[in-house]
């Protein structure tokens, strides 16, 4: 347990170390072809499925010695972890970070809904009535805007039966394979989860704002040559 004295001096020491690191980063050259620097990323489980394959594929050619690490950091801790140099980038649907970090938009996509392929399903698109008649899996996270789905439906007086609530998307395909349930999710995520082509994906029958994926970093590292190179690499690889 840190003492009061340790807690009191931790902040100024952290600021001093950040200032020293910033000064070094401004003058230190960065060569992606030879660097073995580790870049630390924050993304969700589904973000790893959507983003990491293309990042790793390009990285092994452009910068083969560079290392990546990915972890799921609570959004409330992201800015401090970035400031302390413990995290380089956060990637995903992270609207609450827009006021506290530098960021750039990667793409915006619409929501879709997905269920297991079976006889008797509508072709091409699904009506609001058929959508509401099914039981649903709800992926809940207080750190993302996916809660807007519930808010939008409620504001229109539309009630769906939530058969299961889970905190992550990873388990959803297995659940859908064993039930006739439906999930609502970003269109790109739906296609990433449907690699085995077991599911039918419909446009969401209820109009609602799309979901934006963004890259976030700390302003203290704007002049860091490695940070500059890697965020350009992220934009070139992930932007749609």
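Just so it is clear, none of the values below were taken in a lab; they were calculated from the coordinates. What you see is a predicted model, and the numbers here were worked out from it, not measured in a lab. In this analysis, Cβ positions are derived from the backbone assuming ideal geometry, glycine residues included, and neighbour counts consider all displayed protein chains.
I need a count of the residues in the stretch 169-202 that are assigned to a loop (DSSP other than H, G, I, E, B), over 23 Å from residue 128 (Cβ atoms) and in contact with a strand residue (DSSP E or B) (Cβ under 7 Å, 6 or more places away or on another chain).
2
Within the stretch 131-157, how many residues are touching a residue at least 12 places away in the same chain (Cβ under 8 Å) and either part of a strand (DSSP E or B) or within 26 Å of residue 213 (Cβ to Cβ) (or both)? Steps first, please.
Taking the stretch 131-157 as the starting set, the residues that turn out to be touching a residue at least 12 places away in the same chain (Cβ under 8 Å) are 131-132, 134-141, 143-146, 148-150, 152-153, 156.
So of that shortlist, the ones also either part of a strand (DSSP E or B) or within 26 Å of residue 213 (Cβ to Cβ) (or both) come out as 131, 135-141, 143-146, 148-150, 152-153, 156.
Of the residues in the stretch 131-157, 18 are touching a residue at least 12 places away in the same chain (Cβ under 8 Å) and either part of a strand (DSSP E or B) or within 26 Å of residue 213 (Cβ to Cβ) (or both).
What is the residue count in the stretch 89-130 for residues that are over 25 Å from residue 72 (Cα atoms) and assigned to a loop (DSSP other than H, G, I, E, B)?
Residues meeting the conditions: 11.
Table: residues versus (1) under 16 Å from the mean Cα position of the chain (by Cα); (2) loosely packed, with under 13 Cβ neighbours inside 10 Å.
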site: 69; (1), (2): yes, yes
site: 73; (1), (2): yes, no
site: 79; (1), (2): yes, no
site: 89; (1), (2): yes, no
site: 97; (1), (2): yes, no
site: 100; (1), (2): no, no
site: 112; (1), (2): no, no
site: 118; (1), (2): no, yes
site: 123; (1), (2): no, yes
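Among the residues of the stretch 153-174, count how many are under 22 Å from residue 43 (Cβ atoms) and surrounded by fewer than 17 Cβ atoms within 10 Å (Cβ to Cβ).
7
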